[in-house]
1. Relative contact order of region 25-154, please, whole-number percent, based on alpha carbon pairs below 8 angstrom and at least 6 residues apart.
2. Would you please give the residues with an amide H less than 5 Å from that of Arg43, counting only those at least 5 places away or on a separate chain, with H modeled from the backbone geometry?
3. Of the listed peptides 270-281, 20-31, what is their order by residue-averaged count of other C-beta atoms within 10 Å, with the highest listed first?
4. Suppose a student asked you for the relative contact order of region 132-233, using Cα pairs under 8 Å spaced at least 6 residues apart; what percent would you report?
5. So what J values fall out for region 184-192 if you push phi through Karplus, 6.51 cos²θ - 1.76 cosθ + 1.60 with θ = phi - 60°, rounded to Hz, Gly and Pro as x?
6. Just to check I understand the Karplus step: with θ = phi - 60° and J = 6.51 cos²θ - 1.76 cosθ + 1.60, what whole-Hz values come out for region 53-62, glycine and proline as x?
7. Find the relative contact order for region 156-309 and round it to a whole percent, using C-alpha pairs within less than 8 Å whose residues are 6+ positions apart.
8. In the structure displayed, which of Lys29/Lys160; Lys69/Lys234; Lys64/Lys97 lie more than 27 Å apart, Cα to Cα?
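FYI, it's all coordinate maths here, none of it is from the lab. Just so it is clear, the model here is predicted, and its values are computed rather than measured. With ideal geometry, Cβ positions are generated from the backbone for all residues, glycine too; neighbour counts draw on all protein chains shown.
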Amino acid sequence: MNTAEKIISVCFLLQGVCCRDFSISLPEKIQALSGSCVIIKCRFDIKESYDKDLTERAAGVWYKDRHDKSSSIVFNSSASTQNFFIKGNITGQLIDKDCTTVFYDVTSNHSGQYFFRIESEGELRWTYKENSVSVDVIETLENPRVVLYVDGQELQDQQKVFEGRSVSLRCSAKTLCSSPPATLTWSSTARIPHSESINLKELIISDLNFTAAQRHHRVTFTCSISYQLQDNNKTANSSITLHVQYAPQISNSSCSSTDVTVCFCEVDGNPSPEVEWHLSGCPVSNSSNTLISEERLSNTSLRSFISLHQSLTHTNTLLCVSKNTRGASTLQFHLVFVPQKEIYILIGAAAGALVIVLLWAVTYAYTCVRKNNEKIQPTNQEEGANESVENTDEENQDDSANNVIISSAGATTANQKSIIYSSIDFSNSESRSQQVVSVSCLLADYAVVQHGSGGAAEAEFSERVFKIDRSTGP
């Protein structure tokens with residue numbers, strides 16, 4: 001700034017001092033919450049001729065709606081008792097021309113237009129009629145404002161962000177007079193990142209900073225402002241829902257084989273992805289050997305199926321390929337095809353083996369039973385002569401025959417050897433000569449031989465006892 005400009009500036013300042021008049025600075029409108037307080041920022045000025053009258057004894061007066069009647073006075077700082085329409089306090093120093101005032105426990109009845117008046121010793125009495133402040137007492141809080149920033153730039157009408165971008169959610173609200181002060185809090189259906197709060201003179205701000213990811217898609221973030229009042233608490237909130245765009249991701253897959261092989265893969269992506277199937281590196285479409293179908297699971301996810309005939313044995317590589325505008329994802333299946341001929345061979349071999357095992361089991365069981373029977377049956381050499389022959393008549397034959405009946409009995413006593421008795425009966429109903437009728441044999445030492453003659457009904461028997469020689473020599 002050169003010398004001429006400095007001179008001009010000084011002249012303007014001197015002119016302002018010389019021309020100083022009554023004036024006041026007030027906000028046009030103030031909003032207050034019912035049950036809380038209201039702060040009116042106020043500064044005034046007076047003519048220089050009244051400067052000597054502005055002392056520590058100066059008082060501030062507030063009128064409501066009208067400024068020409070004493071009945072309109074709602075507050076006077078000089079009054080010893082606060083029996084006015086509204087309770088309050090002038091927090092500014094009037095001697096410094098600061099008329100900032102706070103009113104407590106305001107209600108909807110306190111809404112209106114307010115005028116300020118300065119009164120002091122001497123002749124200083126002045127009502128500032130030209131300027132006033134409008135106080136609006138509200139019962140319901142205004143909702144906070146939530147804004148989305150991506151990479152430091154504000155997004156106006158959309159909440160679409162790309163995965164991996166830096167995201168900031170800013171919540172702001174006007175600070176109304178309250179004790180304790182208002183607080184901002186975040187809530188969400190997902191995990192809440194760390195928030196940072198900033199308190200300004202007339203604004204409270206809270207920021208959420210994080211990196212956009214798939215898990216943030218369709219997540220709603222809510223910012224709430226709360227006031228703790230004497231009677232109750234009052235809260236207001238605003239929400240924003242993020243739409244994160246991300247590359248496809250294959251979350252689940254499986255294959256099963258019967259007469260055909262059926263595979264599926266589940267894909268999730270935003271925008272909604274498309275799915276292709278590749279066999280031997282080539283895209284596959286619906287045909288007589290392949291069948292492709294899809295099932296929509298949500299706006300961003302789907303499940304795709306493919307059915308392959310067993311005749312496709314020339315490859316064991318199957319790919320599920322998913323694509324959208326943000327990228328692609330693939331999953332490889334390793335298939336093992338078993339031709340039907342080989343299946344039949346395996347089934348035949350198993351059946352043949354089963355038959356062989358059954359035959360071996362039957363043969364083994366028969367052999368064991370036979371061996372057991374042979375051990376139980378007595379031999380002639382071990383048991384001696386255990387035979388008895390019985391002759392019976394055959395009714396329908398012309399010639400009679402000699403029937404042999406063999407019977408044996410064994411007895412064992414504590415003091416004797418085992419004795420086996422055998423009898424042989426040679427009877428002939430037609431022969432009239434003497435014949436040996438029977439032999440009773442005590443195999444241990446003796447045998448009894450009976451002779452009979454005549455018919456079977458008239459036979460007379462004689463009995464002889466023979467001693468049996470058991471020597472082995474000649």
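1. Numbers: 263 pairs, mean separation 43.4, N = 130.
Value for region 25-154: 33 percent.
2. Amide H to amide H, under 5 Å and 5 or more residues apart or across chains, Arg43 pairs with Ser25, Cys99.
3. 270-281, 20-31
4. Working: 170 pairs, mean separation 30.1, N = 102.
Normalised by residue count, the contact order of region 132-233 is 29 percent.
5. 10, 9, 10, 9, 6, 6, 10, 5, 8
6. 8, 7, 10, 5, 8, 4, 10, x, 10, 10
7. 19 percent
8. Details: Lys29/Lys160 37 Å; Lys69/Lys234 37 Å; Lys64/Lys97 21 Å.
In this structure, Lys29/Lys160; Lys69/Lys234 lie more than 27 Å apart at Cα.
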